[in-house]
Amino acid sequence: MSNSISTVPIAVNEPVRAYAAGSSERESLLAAYKKMYNQEPIEIPMYIGAEKVYTDNKKKLSSPHDHQKVIATYNAGEKKHIEQAIEAALKAKKAWADLPWEDRASVFLRAADLLAGPFRDKLNAATMLAQSKNVFQAEIDAACELIDFFRFNVQYMTEIYKQQPESLPGVWNRLEYRPLEGFIFALSPFNFTSIAANLSAAPAMMGNVIVWKPAETQIYSAQVLMEIFQAAGLPDGVINMVTVSGKDASDVIFKHRDFTGLHFTGSTEVFRELWKGISNNLENFRSYPRIVGETGGKDFIMVHESANAAEVATAISRGAFEFQGQKCSAASRAYIPANLWDDVKRITVEQVSSFKMGSPEDTSNFFNAVISEKAFDRIAGYIDFVKSAPDAEIIVGGNYNKSKGYFIEPTVVVTTNPKFKTMVEEIFGPVMTIYVYEPAKFEETMQLLDETSEYALTGSIFANDRYAVRLALKALENAAGNFYINDKPTGAVVGQQPFGGARGSGTNDKAGSSMNLLRWVSARTIKETLVPASDYKYPFLG
Ligand code: NAD
């Protein structure tokens, strides 16, 4: 037993590699990509306890930008595999929870260093290949954000443990932060490899055990994540990865007495369904489950007449279209004052028309494919709707083609109707809708913005007038959990901008902060009296 009060390495953000032309880092990443692309399709098992589980139900995975090319098969499981995963998690629980926190910290610090070093190319290339991210988008997600999640969360964990109550003379008060009693269900989306890992890793770091179901379209990089966890020494059964349908998984899990928490990122609709599933089974659980969900967005750019047109246009180009608009934080509606409109329009159209679209293997492509045929059809449906609407027009983009990959041009729509369908609904694709307003109606337009959508995830104000910034901060205080001044509303960095939104966008438990980690512990207060009383009579009785 070590008797020490340890400190952990101070977390700093992982530097983002530039992958400049001719650099060895670029060569090495592209070589990893080509190897994965050209090799025989790999077979991805489920990871349950110490077992790699294979089934007779093999399903194919392909690249969104090259959907005829099969890159892997995965083993689709059934309800019985969820039961096995729960059993494996509960079996692993005691030893993992009893381990000194330094050992848990060490596993994730090792994972961070393994990812920063030997696994970096592999995870980035997997994310490029299977989720169609360009080199830069893969680097800031799969490598940097995940390394940051691991390192900063270790630091936040110790900050939580350090929070202790006051003790008066004669008494010693303490707080213990136990893991939750039972197992956690981590249910992850396709769009961020880092989020997929963190949904399991954050509760696991706090001593919990996990049943993790990744999105089907993220299974390829999910397997690399399991390899990293194993290489870092995570004991078997702490994180169990199952490739079962979400419905089957939640059917089994939400009836289990030991289900103790849901860590979800995904769409609002699914989250609401999950919450209902949990509520319907409340009397079956040993404890009230913790429910953490980060969900959809209809993220905005609000522009004041004092803003700079080129800065606004660039925020639209980058904020709406990086990773094909498939970031929960992607800007998808903008409110532009009429005095700036001609310039904003001209520069936006110039910039967006200059994007190159294609495979991430060609690093000159800013823009790649959307994730799946289902997503392609949904987004194309919105574009068709715009084409037939009398109160909207497309000023750039509007074409799509799925013959080789799921390619949809970055599309900018202008509408005269501030409540137009694409101003209101989350599309989750490369479609930005703009409403042009009279500059004198700045405050009125912000009120309109606030009332237009059910979401409140991210948003930004562009203004050089400081009074306008202050007005926006107040008027839009409930409209976004992450608010940006003179910046695009995407690109939150762990440790710098804790992430999450309220209203329809989630429980706002701020991924990448101690607020999130606190949800995965249950505190026990201990009061110890140093010399207990030996007579019941208080002085006032005398
Ligand atoms: P999704 O809701 O379709 O899927 C998320 C997960 O839930 C997947 O693993 C999926 O298989 C599973 N699932 C789907 N239907 C289910 C059901 N009926 N029962 C149980 N499980 C089910 O989301 P997605 O398409 O993977 O990701 C995109 C969504 O995620 C967008 O709405 C986006 O805004 C949101 N998102 C939010 C954040 C955030 O931090 N707020 C971050 C990333 C993504």
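The values are calculated or read from the model by the stated rules, or taken from the named source; none is laboratory data. These numbers were taken from a predicted model, which means no experiment stands behind them. Neighbour counts run over all protein chains shown; Cβ positions are idealised from the backbone, glycine included. Quick note on the areas: whole protein, heavy atoms, side chains included, nothing else; ligands and nucleic acids left out. Shrake-Rupley method; radii C 1.70, N 1.55, O 1.52, S 1.80 Å.
Counting DSSP beta bridges with both partners in the chain, what percentage is antiparallel, nearest 5?
Working: 29 of 73 bridges.
About 40 percent, rounded to the nearest 5.
Solvent exposure of the chain, expressed per residue, is 42 Å² of accessible area, with all protein chains present and a 1.4 angstrom probe.
About the Cα centre of segment 299-485, how large is the charge dipole given +1 on each Lys and Arg Cβ and -1 on each Asp and Glu Cβ? Please answer in debye to the nearest 20. Spell out each step's value before the answer.
Numbers: 17 positive and 25 negative charges, 59 e Å.
Result for segment 299-485 is approximately 280 debye, rounded to the nearest 20.
Grouping the Cα pair distances of segment 300-414 into 10 Å bins from zero gives a pair-distance distribution of 14, 44, 33, 9, 0 percent in increasing distance order. The calculated pair-distance distribution of the chain uses every alpha carbon pair, bins of 20 angstrom beginning at 0, and gives 21, 52, 23, 3, 0 percent.
Let's test the formula: R0 of 51 Å, r as the Cβ-Cβ distance of Asn486 and Glu181. What FRET efficiency results, to the nearest 0.05? Working from the Cβ atoms, E equals 0.65.
At 0.36 nm per residue, and after removing the present C-alpha to C-alpha distance, how many nm does the segment from Glu87 to Ile526 gain when stretched out fully? Each step should come with its number before you reach the end.
Values: separation 439, 0.36 × 439 = 158.04 nm, distance 3.13 nm.
Gain in length upon complete extension: 154.9 nm.
Ligands, DNA and RNA left out, the accessible area of segment 1-154 computed with a 1.4 Å probe is 53% carbon and sulfur. If R0 is taken as 25 Å, the Cβ-Cβ distance between Ala338 and Val16 corresponds to a FRET efficiency of 0.10. Segment 314-337 and segment 403-453 have Cα centres spaced 10 Å apart.
With the simple model of a label 7 Å out from the Cα in the direction of the Cβ, Glu166 to Glu393 spans 6.8 nm.
Under a point-charge model restricted to the Cβ atoms of Lys and Arg (+1) and Asp and Glu (-1), what is the dipole moment magnitude of the chain relative to its Cα centre, in debye to the nearest 20?
Numbers: 56 positive and 63 negative charges, 180 e Å.
Charge dipole of the chain: 860 debye, to the nearest 20.
Where Lys and Arg each count +1 and Asp and Glu each count -1, what net charge lies around Gly398 among other residues with Cβ under 11 Å from its Cβ?
Working: positive: Lys387; negative: Asp384, Glu393, Glu409.
Neighbour charge sum, excluding Gly398 itself: -2.
Could you let me know the centre-to-centre spacing of segment 233-254 and segment 29-71, using Cα atoms, in angstrom? The distance from the Cα centre of segment 233-254 to that of segment 29-71 comes to 19 Å. In this label model, Lys69 and Lys52 are separated by 2.4 nm, measuring between points 7 Å along each Cα→Cβ vector. Summing Lys and Arg as +1 and Asp and Glu as -1 over all other residues whose Cβ lies under 14 Å from the Cβ of Val493 gives a net charge of -2.
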